[in-house]
Amino acid sequence: MHLFGNGSTKQAPEEVEHLQRELLHHAQVTYAHPRPSFNTSVMYEATAQTVRDRLVERWLKTEEHYTKTNAKRIYYLSLEYLVGRSLLNAILNLRLKGEYSEALKALGYHLEETVEEERDAGLGNGGLGRLASCFLDSMATLSIPSVGYGIRYKYGIFEQLIQDNKQIERPDYWLSKGNPWEIERLDVVYPVRFYGHVVTHHQDGKTLFKWEGGEVVQAVAYDTPIPGFGTVNTNTMRLWSARPLEEFGLGEFNEGHYAQAVEARVRAEAISSVLYPNDNHDAGKELRLKQQYFFVSATLQDIMKRYKASGDAISKFDTKVAVQLNDTHPTIAIPELMRLFLDEEGMSWDAAWDITTRVFGYTNHTILPEALEKWSVPLMQKLLPRHLEIIYEINHRHLQVVEGKWKNDTEKLIKMSIIEEGNTKAVRMAILATVGSHAINGVAEIHSGLVKTSLFPEFVELSPQKFQNKTNGVTPRRWILQANPGLSKIITKAVETEDWVLNLDLLQRMKHLAGNKTLQHDFQAAKSANKAKLAALIKSRCGVEVSEKALFDVQIKRIHEYKRQLLNILSLIYRYQCIKRASPADRAKFVKRVAIFAGKAAPGYYLAKRIIQLINAVGARVNNDPDVGDTLKVVFIPNYSVSLAEVIIPANDISQHISTAGMEASGTSNMKFVMNGGLIVGTMDGANIEIANACGRENMFVFGATAEEVGGLRHALKHKGEDLIDERLLQVYHSIEAGDFGPYEEFEPILYSLREGRDYYLLAHDWPSYLDAQEMVDQIFVDESEWTRRCITSTSMMGVFSSDRTIAEYAKDIWNVKSAPVPSDAKHQ
Ligand SMILES: *Cc1c(COP(=O)(O)O)cnc(C)c1O
């Protein structure tokens, strides 16, 4: 059995031959291609089918096992899954990489090229969606019975092109060539109602409520098997697609009804049509609320049906069901479950509320005010009238508790109410989620602290036991084993076992070898190979030639003011000025650097799009300046995605995670980068703090204000004039104003955001210490052995950032759910 089976090791010949026959069968029979017309695309389809066959077999066994043992299940509700590609991930989790490499090779194909035929499933914006996908991988690997529920968007995150230095968006019709991983379940279909009205009637002295009328659409399930690594357990990601209640009857094909019938169809399908492209921003659109309720309603009907099939009493619901809300997006599930208990099951309020709060856990992902969801009461009244009634009742009872604790404190009532009063009343979803859950968690220690101190201090006083921290993690299967096979082999050799893939703490065995020359040499060689691969990608996507000997400096993530790509590009302009000013002899002394950017801006985020334009404009100037040559290159790689991340991250020397302190909840790419043997330039924010603690602060290039200082600094800034701003930063402003990177009008809004005391993200304040940190990077990088020692030390301490650890904590502290491995005698390879 070969964990990584790099293709050079001989695999069992029968197995490989069998696989070859299956591949030929699928290519010829399933896809109807005569052999002469085979190509890599056909081989991808055929390969995916053979993998799918294996997954489905395990998947059925898993479901049978969970049902037979009536295991408690965790339902992860997320409006986003940033899946990426699935083929290689599945092959690795099945531990069949060697077999597949050989079978394909015998047919004249390379596994590495074949897997590239797959299109990314980009059903998410950034970290939140990718976290959901890492969690599904870890839950399957830990054999935890779980279903990830979401929406099968027809259009994923838009495709980004760069034209004239600017971002252009194109729709991502990711299903155009089909999707071999999904299984359409025409038998798993639920009605979902919108609009309508509530009728009441009286029976046995009780008032009963019924939601009627309005518009009903159908939710159809599409299942994707999620294989665990080293376990038979194969869980489910179930995504809902919307369609009209009935196909319009042929009888309605007359003039009068035809247009209406088509409109109804279009309205239904619109619900699962497009992923909203906002990261950390709430746009408050009606269609978005429809998406939320659509997927929540179908999901809870599905959960209820599965629960009832077990035969357990409804009063025991919470012993078999745990629901985790990935941010507030699915929070309407709380009043929806109450509605099902009250109106459908005839339960009393107190019994229903008791079970509901035991079922739900809520993960907060941000405290940025612009990202906190609010739904206007009139909209909620129109779209979900019964839910609004229930929310009012929840709020009424909640405010009685508040009143009981703080007598005659109107301020507390206003602040803690689920309903925001004002010109337009609104439902505050984070408060609803907090009131309706037994556990609320932040996603890194600092963030969980800020949730308690700055977002919900009163709620902490009311129910301190609810508040927890669950520091994010990433799956080592995708982010080390799959993305970085070169490093994976070195790790296995150094820690003398392949088990690190399942127990990432084993990386610590490498720590004492950080100074070992052989390991350092191997480590550097793997890094060089990864840099060569990225250099080739940069050449082909950006047309820029970069030296693999240079320091690769990476900042890839959504473009956002708080993430401060602007700080990075301004410092690169400063670096450019220094190079230009230097004599040719002095220029040769600069540490060669390739600055690599990638990331999408929300299409409506004006300033973020200007920042992309500035980065590209600086690149155009610097990369074509003969005075600069290899000393500095600045590239923006278009269309950031999971697959692109898998190529860029293994090639990093440093990566930048430089948010204004207190603003990045956790970050997860910071973890991926250090796992892949790079060092961080970062602020004391999000998980950077815990990474610094784990790896040693001396192994990170830390700079900038701390979260505690930020508030005061913002206040002080109001009274600070331009004369106090660092001269080097002013020089950069002047260069932009002088039109060095194109007409100044294009970039004026950027400088405007920084000047006149408006520098909300504190770029000017952090600038000097940022330059110091970068200076330090250059100094250490030239000492190759010291640099590599720091990298190995850091990587060896990253075990705690495996999403396996995160999921084990959720399972124990929030879900009370146990692992349920499918017995290994049922194992089939
Ligand atoms: C990990 C990941 C993210 C999250 O990046 P941060 O730097 O933590 O914001 C976003 N997008 C993709 C494609 C990722 O893989």
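Taking Rh as the Kirkwood radius computed over C-alpha pairs, what is the Stokes-Einstein D of the stretch 112-158 at 10 °C in a medium of viscosity 1.306 mPa s, expressed in µm² per second?
Calculated translational D: 127 µm²/s.
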Problem set entry | Three-way shape call for the stretch 372-483 based on the alpha-carbon gyration tensor, with the a/c threshold at 1.5 | oblate
Exercise. Separation of the stretch 69-125 and the stretch 674-691 by C-alpha centroid, Å?
Worked result: 28 Å
Problem set entry | Relative contact order for the stretch 158-235, counting Cα pairs under 8 Å that sit 6 or more residues apart, in percent | 26 percent
Problem set entry | Gyration tensor verdict on the stretch 142-296 (Cα atoms; rounded if a/c is under 1.5, prolate if a/b is larger than b/c, oblate otherwise) | oblate
Exercise. How many angstrom separate the Cα center of the stretch 191-227 from the Cα center of the stretch 573-590?
Worked result: 67 Å
For this session: Name the aspartates and glutamates eligible as straight-distance cross-link partners of Lys489: C-alpha to C-alpha under 16 Å, and not fewer than 8 places from it in the same chain.
Result: Glu498, Asp499, Asp522
Problem set entry | Mean Cβ neighbour count within 10 Å, used as a protection proxy, ranking 274-285, 647-658, 611-622 highest first | 647-658, 611-622, 274-285
Exercise. Taking 0.36 nm per residue of separation and subtracting the Cα-Cα distance, what length does fully extending Glu420 through Met776 add?
Worked result: 123.3 nm
Problem set entry | Pair Glu263, Ala313: separation of 7 Å Cα→Cβ label points (nm) | 5.1 nm
Exercise. DSSP loop trypsin sites (Lys or Arg not before Pro) in the stretch 558-592 with at most 12 other Cβ atoms within 10 Å of their Cβ, which ones?
Worked result: Lys589
Exercise. Quick one: if the Förster radius is 22 Å, what FRET efficiency do Leu717 and Ser454 give, using the C-beta to C-beta distance and rounding to 0.05?
Worked result: 0.70
Problem set entry | Karplus-derived 3J(HN,Hα), 6.51/-1.76/1.60, for each residue of the stretch 373-385, Hz, glycine and proline x | 6, 9, 10, 5, 4, x, 5, 5, 4, 6, 7, 9, x
Exercise. Of all chymotrypsin sites (Phe, Trp or Tyr not before Pro) in the stretch 140-192, which ones are in loop regions per DSSP and have a Cβ with at most 13 other Cβ atoms within 10 Å?
Worked result: Tyr173
Seminar exercise, completed: Within the under-14-Å Cβ sphere about Ala536, not counting Ala536, Lys/Arg +1 and Asp/Glu -1 give a net charge of -1
Exercise. Using just the C-alpha positions of the stretch 695-747 as equal point scatterers, what log10 of I(q)/I(0) does the Debye formula give at each q in 0.19 1/Å?
Worked result: -0.88
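State the extension gain, in nm to one decimal, for the chain segment bounded by Lys68 and Asn503, taking 0.36 nm per residue of separation less the distance between their alpha-carbons.
Roughly 153.7 nm would be gained on extension.
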Seminar exercise, completed: From fewest to most C-beta neighbours within 10 Å, the residues Val189, Val674, Val777 line up as Val189, Val777, Val674
Problem set entry | Given charges at beta-carbon only (K, R positive; D, E negative), |dipole| of the chain in Debye | 920 debye
Problem set entry | Cut-off 15 Å between beta-carbons: net charge of the residues surrounding Ala687, Lys and Arg +1, Asp and Glu -1 | +2
Exercise. Can you give the % of DSSP beta bridges in the chain that are antiparallel, to the nearest 5?
Worked result: 45 percent
For this session: Give the relative contact order (percent, whole number) for the stretch 728-829; include only Cα pairs under 8 Å separated by 6+ residues.
Result: 11 percent
For this session: List the pair-distance distribution P(r) of the chain, using every Cα-Cα distance, as the percent of pairs falling in each 20 Å bin from 0 up to the bin containing the longest distance, rounded to whole percents.
Result: 15, 47, 33, 6, 0
Problem set entry | Estimated inter-spin distance, Arg170 and Thr30, nm [label 7 Å along Cα→Cβ] | 2.8 nm
Exercise. Lysines near Lys72 by alpha-carbon distance under 25 Å, same-chain residues fewer than 8 away left out - which ones?
Worked result: Lys61, Lys305, Lys308, Lys316, Lys320, Lys466, Lys470, Lys812, Lys818, Lys827
Problem set entry | Sequence-separation-based contact order of the stretch 338-476, relative, with Cα cut under 8 Å and 6+ spacing, percent | 28 percent
Problem set entry | Reachable aspartates and glutamates from Lys206, criterion Cα separation under 19 angstrom, eight or more residues apart if same chain | Asp343, Glu344, Glu345, Asp350, Glu389, Glu393
Seminar exercise, completed: Under the 7 Å Cα-to-Cβ spin-label approximation, His110 and Asn816 lie apart by a distance in nanometres of 5.4 nm
Seminar exercise, completed: At the level of C-alpha centres, the distance separating the stretch 351-420 and the stretch 791-810, in angstrom, is 36 Å
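Would the stretch 600-722 count as rounded, prolate or oblate if I go by the C-alpha gyration tensor, calling it rounded below 1.5 in a/c and otherwise prolate when a/b exceeds b/c, oblate otherwise?
Working: a/c = 1.60, a/b = 1.15, b/c = 1.40.
Since a/c reaches 1.5 but b/c is at least a/b, the shape of the stretch 600-722 is classed as oblate.
Rounded to the nearest 0.05, what FRET efficiency do Lys511 and Ser547 have when you use their Cβ-Cβ distance and R0 = 22 Å?
Computed FRET efficiency for Lys511 and Ser547: 0.10.
Highest mean first, how do 264-273, 123-132 rank when packing is the count of other Cβ atoms within 10 Å averaged over residues?
Result, highest mean Cβ count within 10 Å first: 123-132, 264-273.
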Exercise. How long is the gain from Val189 to Lys489 if the chain were fully straight, where each residue apart is worth 0.36 nm and the alpha carbon distance is subtracted?
Worked result: 103.4 nm
For this session: Please list the radius of gyration and Dmax for the stretch 358-404, considering alpha-carbon atoms only, with Å as the unit.
Result: 13.5, 33
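Coordinate-derived values only; no laboratory data. Not measured: the values here are computed from a predicted model. All Cβ positions, glycine included, derive from the backbone under ideal geometry; neighbour counts span all protein chains shown.
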